[in-house]
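Some notes on the structure that comes next.
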Amino acid sequence: MIRKFSHSGAALAAALVMLVVLTIIGVTAMKMSATHYRIAGNLQIATEVEMATRNAIEQYVSTHKEIDCGKFPVPQCVEGRPICIAVSARCIGRAISDSEGSSISNDKQVYDSYWEFSAGPESEYQGANVRVHWGLMIPFSGYCPVCPVISDPVSCGEMTCS
């Protein structure tokens, strides 16, 4: 005896629904991973620019005996690409140091000067616009000019990175 079964296609419909759900989950996972990849890349670029900016301030301070107010270009390399960091210095005050026991002062009044450095890339570097502010006390300098406000752009000229 042969039985005839009538199938209504419920298994096919259920399989198609499951395939659609799995496709949506897969596409969503791919988009989320691409977004996370971009976030990590942006964070890496911002960190590299911040480190280059801090390095530019350190380089400027260590190579200038007397710091002048103004804006100065310091060439830096980020991932082998040149970037121009604009470092601006501003004297924010000075104070008389305690000259007791100091052989440097020879009983003269000496001054500590207090500086604020602000630095960042001259133009946005791959979308990262990082500003670093750094305070510095320079002992016994006695040099603290009145600082003008300088807003002119700076230029590093041609740079090469190895």
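Go over the candidates Ala89, Ala52, Ala46 one by one and state the one that is within 22 Å of Tyr114 (Cβ to Cβ) and touching a residue at least 24 places away in the same chain (Cβ under 8 Å).
The conditions single out Ala89.
With over 11 Å from Ser88 (Cβ atoms), in a loop (DSSP other than H, G, I, E, B), over 22 Å from the mean Cα position of the chain (by Cα) and modelled with pLDDT under 75 as the only criterion, which of Pro145, Pro153 stands out?
Exactly one of Pro145, Pro153 is over 11 Å from Ser88 (Cβ atoms), in a loop (DSSP other than H, G, I, E, B), over 22 Å from the mean Cα position of the chain (by Cα) and modelled with pLDDT under 75, namely Pro145.
Which one is surrounded by the fewest Cβ atoms within 10 Å (Cβ to Cβ), of the residues in segment 79-106 that are among the hydroxyl-bearing types (Ser, Thr, Tyr) and at pLDDT below 75?
My answer is Ser103.
Could you check, for segment 35-48, whether at least one of its residues is of a type in the set (A, V, I, L, M, F, W, C), at pLDDT 80 or above, on the phi < 0 side of the Ramachandran plot and touching a strand residue (DSSP E or B) at 6+ places or on another chain (Cβ under 9 Å)? Explain how you work it out, then say what you get.
To start, the set of residues in segment 35-48 that are of a type in the set (A, V, I, L, M, F, W, C) comprises 39-40, 43, 45-46.
Subset that is at pLDDT 80 or above: 39-40, 43, 45-46.
This time we only want the ones that are on the phi < 0 side of the Ramachandran plot, so: 39-40, 43, 45-46.
From what's left, touching a strand residue (DSSP E or B) at 6+ places or on another chain (Cβ under 9 Å): 45-46.
Yes: one or more hits.
Take the residues of segment 50-78 that are modelled with pLDDT under 85 and basic (Lys, Arg): which is surrounded by the most Cβ atoms within 10 Å (Cβ to Cβ)?
By that ranking, first place goes to Lys71.
Within segment 28-49, can one find any residue that is surrounded by 10 or more Cβ atoms within 10 Å (Cβ to Cβ), of a type in the set (D, E, K, R) and not in a helix (DSSP H, G or I)?
Within segment 28-49, not a single residue is surrounded by 10 or more Cβ atoms within 10 Å (Cβ to Cβ), of a type in the set (D, E, K, R) and not in a helix (DSSP H, G or I).
The values are calculated or read from the model by the stated rules, or taken from the named source; none is laboratory data. Here the structure is a predicted model, which means the values were calculated and not measured. We place every Cβ from the backbone using ideal geometry, glycine too, and count neighbours over all the protein chains shown.
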